[in-house]
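Asker: Here you go, one structure.
Please treat every number below as a calculation from the coordinates, not as lab data. Quick caveat, the model's predicted, so the values are computed rather than measured. Every residue, glycine among them, receives a Cβ derived from its backbone with ideal geometry; neighbour counts consider all protein chains shown.
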Amino acid sequence: MLKSMTGFGRFDGIVDGYHVIVEIKSVNHKYFEFSSRITRGYGFLEEKLMSFTQRRISRGKVDMYVSIDNYEEGDVQVVVNHSLAKGYIAALKELGETNGIGGNISFDSIAHYPDVLSVHKAPEDEEKVWNVVSQAADKAIESFINMRALEGQRLFSDVMGRLDKILSIVEKIEVRSPATVKEYREKLENRLKEILQDRSIDDARILTEAAIFADKVAVDEETVRLRSHINQFRKFAESSEAIGRKMDFLVQEMNRETNTIGSKAGDSEIAYMVVDIKAEIEKIREQIQNIE
């Protein structure tokens, strides 16, 4: 089934003591392109997330946002800079003695000076963190893919409708094409009668000219190939693989066959039909630019 290249997915929840938010969105792109924004200190996750995402998504410019908060106890350490604290105490005593200022130096006052106390994040188990984030990312990607599939269904319906319309026009061309040969023969015969008047008309000559004309304007091969391309298009549309680029190639081939029909058929009715087919092909081309 077709999938769109645009989509959005989100997970927000607690996984093994971590509050994790994962948001993923994408827009059209010829290939797979990945970028991420991750909570500071968890940069080691970027490559893992890119590989993890690419296994599920083939095309599109994908942006992922990951926020991680560790709710487990003991995840931080408060460190005392003893030498700096001693330096502050000595400096305060010297300041008091020099200026005749009395007063007590408290632990609370020293602790408020810069860098006496510092908070350090305790080392985390990277494998555990990845296990947590991958679970959250999996749920966000699942939501993302579901949204892509819904949009893909809409694209599928639109493209199939346009293929049906093209097929109906092809059927009309196949009916009209032999009639142009008959009309040409009648015009040729009438023209010769005007020129030759009472003289006899060479029927063999007329048949030969009509046969040459029929060969020049015959579009049987082109309509057969158009039908084949449409059937192949339908098979692609039912595939679970990423088939956007294959569809793009088929559209080019359909356009080429249509142009050939237009150049070969010297008939105004067929020319108008060709214009209608090309209009539908162009609309299909626009739609498949958004197909994975």
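Asker: If R0 is 22 Å, what FRET efficiency do you get for A218 and S268 from their C-beta distance, rounded to 0.05?
Answerer: Efficiency at R0 = 22 Å is approximately 0.80.
Asker: Assuming a ≥ b ≥ c are the square roots of the Cα gyration tensor eigenvalues, decide whether the stretch 76-121 counts as rounded (a/c under 1.5), prolate (otherwise, with a/b larger than b/c) or oblate.
Answerer: prolate
Asker: Using the 10 angstrom Cβ neighbour count as an exposure proxy, how do L226, L167, L150 rank, fewest first?
Answerer: L150, L167, L226
Asker: Do any of K48/K128; K3/K235; K30/K283; K30/K139; K165/K278 go past 21 Å between their Cα atoms, and which? Mind dumping the intermediate values first?
Answerer: Values: K48/K128 13 Å; K3/K235 14 Å; K30/K283 18 Å; K30/K139 25 Å; K165/K278 11 Å.
Check vs 21 Å cut-off fails for K30/K139.
Asker: With the contact rule set at Cα under 8 Å and sequence spacing of 6 or more, what percent relative contact order holds for the stretch 76-121?
Answerer: This gives 67 percent for the stretch 76-121.
Asker: Report D for the stretch 1-101 in µm² per second (integer): Stokes-Einstein, Kirkwood Rh on Cα pairs, 10 °C, 1.306 mPa s. Before the final figure, lay out each step's value.
Answerer: Numbers: Rh = 17.7 Å.
The diffusion coefficient I find is 90 µm²/s.
Asker: Hey, can you grab everything whose amide H is under 5 Å from the amide H of R59? Only 5+ residues off in sequence or another chain; H modelled, so Pro and N-termini drop out.
Answerer: Those lying under 5 Å, H to H, from R59: there are none.
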